[in-house]
1. On the basis of being over 24 Å from the mean Cα position of the chain (by Cα), among the hydrophobic types (A, V, I, L, M, F, W, C) and assigned to a helix (DSSP H, G or I), does LEU42 make the cut?
2. Output the residue which, of all residues in segment 127-173 that are among the acidic types (Asp, Glu) and in a helix (DSSP H, G or I), is nearest to PHE78 (Cα to Cα).
3. Considering each of LEU118, LEU42 in turn, give the residue that is under 29 Å from ALA153 (Cβ atoms) and surrounded by 13 or more Cβ atoms within 10 Å (Cβ to Cβ).
4. Any chance you could count how many residues in segment 1-26 are part of a loop (DSSP other than H, G, I, E, B), more than 14 Å from the ligand (Cβ to nearest atom) and not small (Gly, Ala, Ser)?
5. For ALA155, which of the numbered conditions (1) closer than 21 Å to ARG62 by Cα; (2) in contact (Cβ under 8 Å) with a residue 40 or more places away in the chain fails to hold?
6. If you go through segment 105-149, how many residues are more than 15 Å from LEU82 (Cβ to Cβ) and in contact (Cβ under 8 Å) with a residue 24 or more places away in the chain?
7. Please verify whether segment 81-93 includes one or more residues that are farther than 22 Å from ASN138 by Cα, among the aliphatic types (A, V, I, L, M) and in the same structural domain as ASN126 (by TED's automatic domain parsing).
8. Among what's in segment 76-95 and is at pLDDT below 85 and among the small types (Gly, Ala, Ser), pick the residue that is surrounded by the most Cβ atoms within 10 Å (Cβ to Cβ).
Amino acid sequence: MVNITCEMCMDLIPLVQDGIASNDSCQAVRQHIAHCPDCKALFEGELPPIPDSQKILGQIKRKIRLFFLMALMFGMFFGLSLTTSQGMFYNTLIMPGAGILGYCIFRWRALYVIPGFLLVLHPVSNVVAVMLEGEPLNLPSILLFTWIYSIFALAGTIIAGLIHFAFRKEREL
Ligand SMILES: [Zn+2]
């Protein structure tokens, strides 16, 4: 019979659970948790190691943000490409949607980040349109629509922000 300390036991538990510990280690862990309630709780998964779970949560959050950011970019680019076509009116939905998504990713910074994105993406999408459809590049129109879309997006950001704020207040009460 081998006596191990709690720290040794905690080190061995993941190995035992993953089935890669030696037989001696497994036996030592089992003997230890038979008389140590703390390590037994850890072994049975009642107390997941906190730093690890927080790390995983952080990774998931980063992935969701990246996904949102890609959806945001794609949505804005798609919306901008509609500007010179009949589908342009969808932008009264797409741009506020971009503003909401922007708030989810950047919080209030979306108020200046989204217009910045639009200002950069708009000429790009117009150049693509010029190449594909041979339409003339119209700089005043680009600036005008960037301005209009920014207002739509800002409305979405402000609505998302106010809803978020209201929910937070409700939870605090
Ligand atoms: Zn112990």
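The values are calculated or read from the model by the stated rules, or taken from the named source; none is laboratory data. What you see is a predicted model; the values in this text were computed from it and never measured. For neighbour counting, all protein chains shown are included, and Cβ atoms are generated from backbone atoms with ideal geometry for every residue, glycine included.
1. yes
2. GLU133
3. Every option except LEU118 fails the conditions.
4. The number of residues fulfilling the criteria is 3.
5. Unmet condition: (1).
6. 9
7. Yes, segment 81-93 contains at least one residue that is farther than 22 Å from ASN138 by Cα, among the aliphatic types (A, V, I, L, M) and in the same structural domain as ASN126 (by TED's automatic domain parsing).
8. If we take residues in segment 76-95 being at pLDDT below 85 and among the small types (Gly, Ala, Ser), then SER81 is surrounded by the most Cβ atoms within 10 Å (Cβ to Cβ).
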